[in-house]
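Worksheet for the structure shown next.
Computed from the coordinates by the stated procedures, all read-outs in this text should not be read as laboratory data. Here the structure is a predicted model, which means the values were calculated and not measured. For neighbour counting, all protein chains shown are included, and Cβ atoms are generated from backbone atoms with ideal geometry for every residue, glycine included.
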């Protein structure tokens, strides 16, 4: 528990005692640990609590890093943790998917004044503006959630983010593909978010995003560019 606590604390981007090189080392160790034993780690409440709250919070903050190596490894670690601890990270997954869709959604073009970024209208309940994660959310993802006291009901509006470009966009797209790779992802998404009145309609948002991106991509000689 102490080793995990130290590794997670190293990830804090607001702690200037640690350099990006140190954070990369911690990210590598954490990712390897969860690749090898993520399911087992989640069985220990003391270890799970460290990941659910400060761990996810710091990782999500690093997902906005301008350092490409830190960004790549933070996204890779997020993907691994969501894959191995998915049923314990319902709200955390909602926050991350919302952030991902917001960053990947291309700016819409105004017919009069040229390019502009259109602010999406939030549906349902929106995540925290600081991309943080409460420690008390342990709702299983594979079961319908009908708890009227869900902590997500009091979440304020999310922080708008600029569209990702270039290498950053590639990293985020790759991570989204990895998260969505398991067979029941779409069913789980609809069951656990769109069917929960306390959550945002993540299935609807994802389909809407994919549709808009698909039809906004230019074609040349019948080939998607």
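Would you list 74, 46, 65 from fewest to most Cβ contacts within 10 Å? Present the calculation step by step, with values, prior to reporting the outcome.
Numbers: 74 28, 46 9, 65 18.
With the fewest neighbours first, 74, 46, 65 line up as 46, 65, 74.
Where the eigenvalues come from the Cα gyration tensor of the stretch 1-113, what are the semi-axes √(5λ) of the equivalent ellipsoid, largest first, in whole Å?
Values: eigenvalues 149, 64, 25 Å².
They are 27, 18, 11 Å, listed largest first.
So if R0 is 25 Å, what FRET efficiency would residue 210 and residue 32 give, r being the distance between their Cβ atoms, rounded to the nearest 0.05? Numbers along the way, then the final one.
Values: r = 32 Å, r/R0 = 1.27.
Approximately 0.20, to the nearest 0.05.
Hey, could you grab the Kirkwood Rh for the stretch 3-67? Inverse mean 1/r over distinct alpha carbon pairs, Å, one decimal. Spell out each step's value before the answer.
Values: mean 1/r = 0.0827 Å⁻¹.
Across the stretch 3-67, the inverse of the average 1/r is 12.1 Å.
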